[in-house]
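The values are calculated or read from the model by the stated rules, or taken from the named source; none is laboratory data. Since the model is a prediction, treat every value here as computed from it, not as a measurement. Positions of Cβ are generated from backbone atoms using ideal geometry, with glycine treated the same way; all protein chains shown enter the neighbour counts. These accessible areas exclude ligands, DNA and RNA; they are computed on the full protein's heavy atoms, side chains included. Shrake-Rupley method; radii C 1.70, N 1.55, O 1.52, S 1.80 Å.
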Amino acid sequence: MTRIALTGTAKLRLAAAALACATALGPSVASADVEIEYWQYVFDARVKAMDRLIDMFEAENSGITVKQVTFPYADYQTRVVAAHAAGKGPDVVQLFYGWIDNFVDGGILQPLPEDAFPASVIEAEFFPIVEAMKRNDQYYALPTAVRTMALFYNKKLLAEAGVTEPPKTLDELVEVAKKTAKQDNGGNLVQAGIALDIARQDHHWWRTILTAQYGGAPYSEDGTTVTYDSEAGLKALDYYLALQTQHRIGKEGFMDEGQAAFRAGLAAMVVDGTFRLASYGTIGSFEWGVAELPAAADGTRANYASYFANGIGASASGEELEAAKKFLAYISSPAAMELWQKEVGELPARKDVAMTEANLADPVFGPFIRALDYSQTTRFVDEAAQRQIAIDMVNRALLQGQSPADSLAEAAKAEQALLDKHFSK
C-alpha cells in the first residue's frame with residue numbers, strides 16, 4: 001500500500017495543530033491521574049492504529065490514561081447498549097454514522113461541547129458529509145477518517161484475458177467481467193468476473209450509486225421518504241441482478257463472500273471501500289489496482305461516502321469528561337488523520353489533509369479521494385435493518401423467482417414503514 005512521506009515542516013505543522021486542538025478545550029484535567037475508556041469494534045488495523053494514537057496522546061497529556069476496549073463487530077452495538085443500561089458505558093465511543101439515531105435516541109451519547117468543538121469550525125474544516133452527525137443543531141460525533149468506494153481489480157486476471165485497463169463505464173464492466181469469468185463443464189462458476197455480495201458493499205452500490213447513475217435518488221432530500229421504487233431504481237436493480245442471472249459473471253455466495261473471492265485470486269474485480277486497503281495490502285499472490293467506479297453510459301459518476309465517528313459517552317462527567325474532550329480532539333486532529341490514512345488506509349476527514357496533490361495523484365488513494373467530489377452519504381435511521389431489506393429484496397428475486405419490480409416495491413414498502421416509525425417519534 002502506498003505510504004505518504006511528510007516533510008519536516010509538514011510534521012511540525014501537523015503536530016502543532018494536534019497540540020493546539022488538544023489544549024484549546026477549556027479547563028485542564030486536574031493533577032490526579034484520570035483513566036478513560038475508548039471503545040471500538042475489533043478490526044486489526046484500526047486497533048493497532050488506535051494503540052499508536054493512545055501512546056502519542058498519553059505522552060503529551062501527563063496524568064491521562066486511555067484504555068482501549070474492543071468487541072467483535074457482531075456484538076458491538078449490543079455491548080454498548082448493555083453497558084449504557086448498566087451505567088458503565090465508555091467515555092469515548094466509536095460508532096458507524098448510520099447508527100447515530102439509535103445512539104442519540106438511546107441516550108448513549110452526549111452532544112459535543114460547543115466550547116471544545118464549535119460547529120462553525122467543524123463545518124469549515126471537515127468534509128460536508130460530517131453533518132450526518134448533527135441532530136437538533138448539535139454535533140454528537142466526529143470522524144477521524146472517511147471512506148468512499150472504488151473498483152479493485154486483479155491485474156493478473158485482466159492481463160490473462162487480454163484486458164489492458166480497468167473498465168470506465170458500466171457496459172465496459174460487463175464486457176471485462178465476461179472475459180475474465182470462468183465456468184466448469186457443469187456451468188458452475190469457478191472464477192468470477194466480478195465478486196458480488198449484497199450484504200457487504202453491494203447494497204450501497206445498488207441503492208446510492210447505481211440508482212443515481214440511472215437518474216434517480218434512493219430517498220427524498222430530507223431522508224423521510226423512500227424514492228428508489230422508481231424507473232431509475234428498477235434499472236439499477238435490473239443491472240445488478242443481470243450480472244448473475246443473465247451474464248453469469250458473478251454469483252451471490254461464491255466463496256462465501258465477495259472479499260474472500262477477490263483475496264483468493266478467484267474474482268477479477270470487486271466493488272469495495274478504502275477500509276479494505278489494509279487487508280488487501282497483505283495479498284502476496286497477485287498485484288491489484290484501484291480505479292474509480294465505472295460511469296454510466298452518459299458519463300454520470302456517483303459514489304457513496306461513509307465513516308465511523310467518535311463521540312463522548314453520556315456518562316462521562318467531571319475530570320473524565322475533560323479528558324474525553326482532549327482525547328476526542330486529538331484523534332480528530334490532522335496528525336491523527338495522517339497516521340490513520342497510512343496505517344488503516346482510510347481518507348482524512350479534514351479537507352485540507354485529504355485533498356493534497358500527492359493524495360490526488362496517488363494510484364491507490366487518488367480514485368477514492370477524487371470520488372469525494374461526487375459522493376453522497378445516505379442517512380440511515382437503522383443501518384442494519386435497512387441493509388437487511390436490501391438483502392431480502394435481492395434474495396427474493398434470485399432465490400424465490402419474484403420479479404425485480406415486485407421485489408423492489410416490497411422493499412420500498414418495508415423501508416418506508418421503518419422510516420415512518422422513526423420519524424413519528
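Structure data summary
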{"item": "Exclusive hit being open to solvent by 10 Å² or more (accessible area, probe 1.4 Å), among the small types (Gly, Ala, Ser) and within 21 Å of Ala371 (Cβ to Cβ), set Gly215, Gly258", "result": "Gly215"}
{"item": "Lone qualifier among Ala74, Ala119, Ala82, Ala86 - being without any contact (Cβ under 8 Å) to a residue 24 or more places away in the chain and touching an Asp or Glu at 6+ places or on another chain (Cβ under 9 Å)", "result": "Ala119"}
{"item": "Every pair of residues 6+ apart whose Cβ atoms lie under 6 Å, when the first sits in region 363-378 and is closer than 23 Å to Glu165 by Cα and among the aliphatic types (A, V, I, L, M) while the second is at pLDDT below 90 and open to solvent by 30 Å² or more (accessible area, probe 1.4 Å)", "result": "Val364/Thr2"}
{"item": "Residue in region 18-36 that is touching a strand residue (DSSP E or B) at 6+ places or on another chain (Cβ under 9 Å), buried (at least 17 other Cβ atoms within 10 Å of the Cβ), under 25 Å from Tyr280 (Cβ atoms) and modelled with pLDDT of 95 or more present", "result": "no"}
{"item": "Test: residue in region 154-166 that is basic (Lys, Arg) and surrounded by fewer than 20 Cβ atoms within 10 Å (Cβ to Cβ)", "result": "yes"}
{"item": "Tally of residues being open to solvent by 20 Å² or more (accessible area, probe 1.4 Å), in contact with a Leu (Cβ under 9 Å, 6 or more places away or on another chain) and in a helix (DSSP H, G or I) across region 100-118", "result": "1"}
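For every residue, the table says whether it meets (1) open to solvent by 50 Å² or more (accessible area, probe 1.4 Å); (2) at pLDDT below 95.
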position: Gly345; (1), (2): no, yes
position: Met355; (1), (2): yes, yes
position: Ile369; (1), (2): no, yes
position: Gln376; (1), (2): yes, yes
position: Arg379; (1), (2): yes, yes
position: Asp392; (1), (2): yes, no
position: Asp420; (1), (2): yes, no
position: Phe423; (1), (2): yes, yes
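For every residue, the table says whether it meets (1) under 27 Å from Gly215 (Cα atoms); (2) touching a Phe, Trp or Tyr at 6+ places or on another chain (Cβ under 6 Å); (3) part of a loop (DSSP other than H, G, I, E, B).
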site	(1), (2), (3)
Phe275	no, no, no
Ser285	no, no, yes
Thr300	yes, no, yes
Asn310	no, no, no
Ser315	no, no, yes
Leu321	no, no, no
